[in-house]
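A short reminder: the numbers here are calculations on the coordinates, not readings from a lab. A quick note: this is a predicted structure, and the numbers were derived from the prediction, not measured. When we count neighbours, we look across all protein chains shown, and the Cβ atoms used for this are built from the backbone with ideal geometry, even at glycine.
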Amino acid sequence: MADPEGIEGPPGKTKGLGLLNVRTVMTGEKSLTRVEAVHAATGQPIEAYEMHIGRTKGPDRARAFAHVGAEAEGAVSSDGRIQGSYLHGLFASDAFRKAFLARLGIESSGESYRGKVESTLDALADHIEQHLDVEGLLALAR
């Protein structure tokens, strides 16, 4: 990864792990966009957000991880074992997660991501109400 402008620290280059045959150059153009994509290997739709602060090029980009509209996104190694993507939050899509795991020979639990988040937040709220003086804390904050 090259950061010639010093966007994330002193200007310079940092050697990556070398798992994908790509090179990334940081630029001042940061984008954060909610996207709908299609996973290249399974055809499953993905709802995620895409975050970029640079450009990635190289031979492994010829094999897309996904497609955002007509644009190829991400990279896959020549043997298919390593995949990279600028898509974040993609495993929140239950159908995509199930299809992705199935390609690895792993059975999905079938649990709803959003349902699990909601039940976890409810349990946390119950725990806080049981063990803290919430009204007292709110009074202090006012």
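State which residue pairs qualify: first residue closer than 11 Å to P45 by Cβ and inside segment 93-110, second residue surrounded by 12 or more Cβ atoms within 10 Å (Cβ to Cβ) and among the charged types (D, E, K, R) in any location, beta carbons under 7 Å apart, and separation of 6 or more residues or different chains.
S93/E47
Can you pull out every residue in segment 1-54 that is surrounded by 15 or more Cβ atoms within 10 Å (Cβ to Cβ) and of a type in the set (D, E)?
Answer for segment 1-54, where residues must be surrounded by 15 or more Cβ atoms within 10 Å (Cβ to Cβ) and of a type in the set (D, E): D3, E50.
Quick one: which strands (runs of 3 or more DSSP E) lie wholly within segment 1-83 and hold at least 2 residues that are in contact with a helix residue (DSSP H, G or I) (Cβ under 7 Å, 6 or more places away or on another chain)?
45-57
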